[in-house]
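Peer 1: Handing you a structure now.
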Amino acid sequence: MSKTPSAEKLYAKFLGALANNKPGDWILAVFEGSPSEGMYSWCSDCVAASGDLTSFLEEYTGDVKVSQFKVGTKNEWEDDVIGPSPFRMKFPFLSDLPTAILFNGKLDVARFIAPRKEDLLYLSKRATTYEDQKASGSWNPPKGTEIPRYKPAALLNRKRRE
């Protein structure tokens, strides 16, 4: 059996895929737990959602690129000894699995936790709606090339108003 890549390697793979997105490219990324010992994902919600994802992938013919990203083992996802998964502590700041995120370039524009087939269809159609909104000028996404960075420590260090 092959060894599951580490969460750090899987995170680097995700960042590499996202870095290849051009500002106008649409990608629907589905994040899920890695298989345990080459079998099924350790994430029971990921296993439950896999039928919907498979059905969506078999039928989908749109322009949005669909990619699946594994996040590592259960221990890596939950471990407090070596620290939480990079997928939880860094962009895209996942809180639950599975999670589907619609990206425009590197911008996270919409997401669903525990997506069903209908949710994946909605997200893929949402890209067309956003493109129509960009064309009409009613949506102007940020122009930066950097992945958004959040600084939770800065929020914690704020002084309280008295």
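The values are calculated or read from the model by the stated rules, or taken from the named source; none is laboratory data. Treat the numbers as computed from the prediction; the structure is a model and nothing was measured. Note that we place each Cβ from the backbone using ideal geometry, even for glycine, and neighbour counts take in every protein chain shown. Ligands, DNA and RNA are stripped out before the accessible areas are found, and what is left, the full protein with its side chains, is counted by its heavy atoms. Shrake-Rupley method; radii C 1.70, N 1.55, O 1.52, S 1.80 Å.
Peer 1: Please report, for the Cα atoms of region 1-136, the Rg to one decimal and the Dmax as a whole number; what are they, in angstrom?
Peer 2: 15.0, 53
Peer 1: Need one value: the accessible area of Lys125 in square angstrom, 1.4 angstrom probe, rounded to the nearest 10.
Peer 2: Answer for Lys125: close to 130 Å² accessible.
Peer 1: Loop only per DSSP, at most 14 neighbouring Cβ atoms within 10 Å: give me the GluC sites (Glu not before Pro) in region 17-105, ordered by residue number. Provide the component values of the computation, followed by the final result.
Peer 2: On the way: sites: Glu32, Glu37, Glu58, Glu59, Glu76, Glu78; in loops: Glu37.
Answer in residue order: Glu37.
Peer 1: To continue, here is another question. What percent do you get for the relative contact order of region 83-146 when only Cα pairs under 8 Å and 6+ apart count?
Peer 2: 21 percent
Peer 1: May I ask you to give the average projected area over all directions of the convex hull of the Cα atoms of region 62-143, in nm² rounded to one decimal?
Peer 2: Details: hull surface 25.3 nm².
In nm², the orientation-averaged hull projection of region 62-143 is 6.3.
Peer 1: Same structure, new question: Roughly what % of DSSP beta bridges within region 1-145 run antiparallel, to the nearest 5?
Peer 2: Details: 13 of 19 bridges.
If I count the DSSP bridges inside region 1-145, around 70 percent turn out antiparallel.
Peer 1: With every protein chain left in place and a probe of 1.4 Å, what is the accessible surface of Ser138, to the nearest 10 Å²?
Peer 2: My reading of the accessible area for Ser138 is about 80 Å².
Peer 1: Using only C-alpha atoms and all pairs of different ones, pull out the Kirkwood radius for region 26-91 in Å with one decimal.
Peer 2: On the way: mean 1/r = 0.0758 Å⁻¹.
Final number for the Kirkwood radius of region 26-91 is 13.2 Å.
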